[in-house]
1. Residues in region 166-173: is at least one within 25 Å of Glu64 (Cβ to Cβ) and under 16 Å from the mean Cα position of the chain (by Cα)?
2. Looking only at region 43-60, count every residue that is touching a residue at least 40 places away in the same chain (Cβ under 8 Å) and either more than 19 Å from the chain's Cα centre (by Cα) or more than 19 Å from Ile33 (Cα to Cα) (or both) and tell me the total.
3. Condition first: touching a residue at least 24 places away in the same chain (Cβ under 8 Å), over 21 Å from Gly23 (Cα atoms) and surrounded by 14 or more Cβ atoms within 10 Å (Cβ to Cβ). Can you find one or more residues in region 111-131 that meet it?
4. Check Leu66, Leu18 and return the single one that is in the same structural domain as Ile106 (by TED's automatic domain parsing) and modelled with pLDDT of 95 or more.
5. Based on what the data block shows, is Ala138 of a type in the set (A, V, I, L, M) and under 12 Å from Met91 (Cβ atoms)?
6. Evaluate the following for Phe105: is it assigned to a helix (DSSP H, G or I) and either under 14 Å from the mean Cα position of the chain (by Cα) or among the charged types (D, E, K, R) (or both)?
7. In region 1-49, which helices (runs of 4 or more DSSP H) lie fully inside it and hold 3 or more residues that are closer than 16 Å to His60 by Cα and of a type in the set (Val, Ile, Thr)?
8. Considering only residues of region 180-189 that are touching a residue at least 40 places away in the same chain (Cβ under 8 Å) and among the small types (Gly, Ala, Ser), which is surrounded by the fewest Cβ atoms within 10 Å (Cβ to Cβ)?
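The values are calculated or read from the model by the stated rules, or taken from the named source; none is laboratory data. Not measured: the values here are computed from a predicted model. Methodologically, a virtual Cβ is constructed for each residue, glycine included, from the backbone with ideal geometry; neighbour enumeration extends over all protein chains shown.
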Amino acid sequence: MNLNSNPRQKIIETASELFYQKGIQNVGINEIITTSGVAKKTLYRYFTSKEKLIEEVMKHRATEWLRWFELAVRDSGNTPKERLLATFDVMRDWYASPNFRGCPFINAVLEIADASHPAHAVSVGVRESIRTYVKQLAEQAGVKDSESFSQQYLLLIGGASLMATIEGVPGGANHAQKVLSTLIDSSVQ
């Protein structure tokens, strides 16, 4: 955890880690205050409620995760097709990391059943960002119907993420990558 001297950022990073490791509903404000080392008054100066903190944590995590994902994919392949396939190399590495506890965006939607909660909108936004990124790579790779392809891709990444969460092993990424390779080959113009 990168706990810098900015109290707001310290609170967000602490809450992000605690929410991910323990679940949003299982972490109270007092635990965030204790772990971050900030005063209760400081926390409430920046976040008027736990709901507002959850929203900001989800936005922070989305920005960080998407940045990581796109950079890792870019660095893992030279051509658009290689980068598409590399998405599952990147995901496999993430799934295999010792602190992996599922997709934080899927987790948030499952924990917070209220579709009007801002965390839900952030999670949908991450999904759309992934889809848009994959659609662009697919277009560059010469995929005929990049729109449909990007929707099919979301099924693969969602399935692989759920398999990794449920089974505790990264093997779903291998299966998804094989299916993706077939999908690319059958969709290239």
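1. There is at least one residue in region 166-173 that is within 25 Å of Glu64 (Cβ to Cβ) and under 16 Å from the mean Cα position of the chain (by Cα).
2. Here the count works out to 2.
3. Yes, because at least one residue in region 111-131 is touching a residue at least 24 places away in the same chain (Cβ under 8 Å), over 21 Å from Gly23 (Cα atoms) and surrounded by 14 or more Cβ atoms within 10 Å (Cβ to Cβ).
4. Leu66
5. no
6. yes
7. 7-22
8. My answer is Ser181.
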